[in-house]
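The values are calculated or read from the model by the stated rules, or taken from the named source; none is laboratory data. These figures come from a predicted structure and were not determined experimentally. Positions of Cβ are backbone-derived with ideal geometry, glycine not excepted, and every protein chain shown enters the neighbour counts.
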Amino acid sequence: MEPTIQILAVGAVALVIGVLIGRVLLHKTFKKQRLAAEEKAQMILKEAELKAENMKKEKILQAKEQYLKIKGEFDTEANRKKNQLITNERKLKQREQNQSKLQEQLKRQQREIDSANENLNTQLEVVEKKKSELDRLKSQQVDQLEKVANLTAAEARNQLVETLKEEAQTEASSYIKDIIDEAKLTANKEAKKVVIQTIQRTAAEHAIENCVSVFNIESDDIKGKIIGREGRNIRTLEAATGVEIIVDDTPEAIIISGFDPVRREVARLSLHRLVSDGRIHPARIEEVVSKTSKNIEEEIVEIGERTVIDLGIHGLHPELIKLVGRMRFRSSYGQNLLQHSREVAKLCASMAAELGLNSKLAKRAGLLHDIGKVWPEEPELPHAVLGMDLAQKYKENPQVCNAIGAHHDEVEMTSLISPIVQTCDAISGSRPGARREIMESYMKRLKELETLALDFEGVNKCYAMQAGRELRVMVDAENVSDQQAGMLSYDISQKIEKDLQYPGQIKITVIREMRAVNYAK
C-alpha cells in the first residue's frame, strides 16, 4: 500500500509542478503577445497621427487657396462696382449740367414768348381797328352797288347761287363721267379679264332638241311588228315607258316623243333590244322595259361617278352622285343640264382661281347648283332652295349649300363662292346658242327695254339691238347737252338693273346729234 501511495503522491506532485510550469509559460507567452500588440498599436497610432497631420496640412492649404480665390473675386467685383459708381456719378453730374442748360433755355424762351404775346396783342388791336374800318367801307360799297345795280344784296346773292349751281351741275356731270370712265378702266378691266379668260378656257355646246328622239330601223316592215295586231304592241310599249311613239310615213325612222328624257331613253333602248331579238309581244315588251329601266338606273350612277372623277371632285354622297347622273337626261331651255352643270363647275373653278379663292369648293358648288331640278318628286319649293336642302341633308360644306340656294337670290349670300356660282350660271345660260328662248317672252323683254328708256325726259327713240344686248337711245340735241347725255346713259343703266331681269349685260348707247336739213328746188 505504501509504495502505491508514494507513487500517487509523486504523480500528484509532478502534476502540480507541470501545471505551474504551464502557467508560467502561458503567462510569458501572453506577456510577449501583449507587448507585441502594444507595439503594433503604437505604430498604428503614430501612422494615424502622421496621416492626420498630413491631411490637416492639405486642408489648411486648400482653405488658403479657396480664401485667396474668393478674396480675388471679391476684389474684382468691388473694383467693378466702384468703377460703375464712378461712371454713374459722372453721368449724374452731366445730367445736372444738361438740366441746368435746359432750364436756362426754357427761361429764355419764356421771355421770348412773353415778348411775342405783347407784340401780338398790339397787332390784334391794330387788326381790330382795320377790320372795323373795312366793315364800314364794305357797307358803304354795298350801298353804292345796290343803288347802281338796283338790286339788293340778297337778290344778287340768289343770282350768283343759281349761276354757280348750273356750273356745279355741269362740272359734277363731267366729274361723275370721269370717275365712271376711270372705274371702268381699272376695276372692270380686271373683272372682264377674269370673266373672258374663264369663258375662253371652257368649251361649250349649243342647245339641243329635248322633246323627241329618233329610232332608226333597217326597213319599214319592222313598223308593223312594232305596232302589232290592232296596235296592242305599241300601246303596251307606250304604257310601260310613258312616252308617245309615232309611226308615220317617215322612211326608216320611228319618232319617240316625251318631255322626260329618261323615259325616252328607256323607250329607245327597249325598241332596239326588241327589234334585235325579233320577239315583239306584250309580255316580252314589259320584260325588256323592266330590264332596260334597271340598266338606265345603273347607267345614271355610272355617269355621275364618271362626271365627278373627270372634274376631280371627291367625297360626294352616293345620292348626290345619282342626282348628278340624272342631269344627263334633263334639259333646261334646250340646254343639257349635265353639260350646263359641268360648264358652270369649270367656269367657277377658273374664276375662283383667278380671284385667289378655293377653286375645288367653287367647282363642287358649280356642279351641284341645279340638283334640285332632277329630284324625282314634285316639291313646291324652288329648285335652288330644294337643292340647298338636299346638300345640307347629305352633309355638304355650308359654303356649297349657300351657293346652291343663293344662285337665284332665294336666300342671302354668305360666302364669296355664292356670287361666283351665280355669275357663272348666268354666263353659261346667256351665252349665244346656249338656250332656246320662247319668241313671245323674247319680244316682251325687248319691248319692256325700249319702253323703260322712253320714259326719260329728252329721249326721242329707242332701239333694242343685238338680241337685247344693246340699247341705242336717240335724244333731242336741243334739250340734252353732252354732259347730260352721259348722265342719261348712267341713269338708264341703273333703272334697267333695278326694274328688269335679263341674262348677261346690256350696253346703253346714247346718241346725240344735230341735223340741219334744207331742200334745193
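Output the residues belonging to the stretch 438-484 that are touching a strand residue (DSSP E or B) at 6+ places or on another chain (Cβ under 6 Å), in a helix (DSSP H, G or I) and at pLDDT 85 or above.
LEU449, GLU450, ALA453, LEU454
Read through the list (1) touching a Lys or Arg at 6+ places or on another chain (Cβ under 9 Å); (2) surrounded by 24 or more Cβ atoms within 10 Å (Cβ to Cβ); (3) among the hydrophobic types (A, V, I, L, M, F, W, C), then give the number of the only condition that LEU337 fails.
Here LEU337 clears every test but (2).
Here's a check for you: in the stretch 497-520, which residue that is out of contact with any helix residue (DSSP H, G or I) (no Cβ under 8 Å at 6 or more places or on another chain) and assigned to a helix (DSSP H, G or I) is surrounded by the most Cβ atoms within 10 Å (Cβ to Cβ)? Steps first, please.
Filtering the stretch 497-520 for residues out of contact with any helix residue (DSSP H, G or I) (no Cβ under 8 Å at 6 or more places or on another chain) gives 497-498, 501, 505, 507, 511, 513-520.
Adding the requirement that they be assigned to a helix (DSSP H, G or I) leaves 497-498.
Numbers: GLU497: 12, LYS498: 8.
Once the filter is applied, the top-ranked residue is GLU497.
Among the residues of the stretch 254-285, how many are within 22 Å of PRO376 (Cα to Cα), in a helix (DSSP H, G or I) and touching a residue at least 40 places away in the same chain (Cβ under 8 Å)?
Residues that pass the stated criteria total 6.
Out of everything in the stretch 369-386 that is assigned to a helix (DSSP H, G or I) and touching an Asp or Glu at 6+ places or on another chain (Cβ under 7 Å), what residue ends up being surrounded by the fewest Cβ atoms within 10 Å (Cβ to Cβ)?
VAL385
Run down ARG330, ARG342 and say which single residue is touching a helix residue (DSSP H, G or I) at 6+ places or on another chain (Cβ under 6 Å) and assigned by TED's automatic domain parsing to the domain that holds THR423.
Exactly one of ARG330, ARG342 is touching a helix residue (DSSP H, G or I) at 6+ places or on another chain (Cβ under 6 Å) and assigned by TED's automatic domain parsing to the domain that holds THR423, namely ARG330.
Residues in the stretch 291-313 that are surrounded by fewer than 17 Cβ atoms within 10 Å (Cβ to Cβ) and either basic (Lys, Arg) or in contact (Cβ under 8 Å) with a residue 40 or more places away in the chain (or both): how many?
4
On the given criteria, is ILE404 at pLDDT below 85 and crowded, with 19+ Cβ neighbours inside 10 Å?
No; evaluated as a whole, the condition is false for this residue.
Counting just the residues of the stretch 422-437 that are of a type outside the set (S, T, N, Q) and not in a loop (DSSP other than H, G, I, E, B), which one comes out modelled with the lowest pLDDT? So that I can check it myself, show each step before the final result.
Pass one, the stretch 422-437, residues of a type outside the set (S, T, N, Q): 424-427, 429, 431-437.
Subset that is not in a loop (DSSP other than H, G, I, E, B): 424-427, 429.
Numbers: CYS424: 86, ASP425: 83, ALA426: 80, ILE427: 79, GLY429: 69.
Result: GLY429.
Which residues, taken from the stretch 312-336, are assigned to a helix (DSSP H, G or I) and modelled with pLDDT under 85?
Correct list: ARG326, MET327, ARG328, PHE329.
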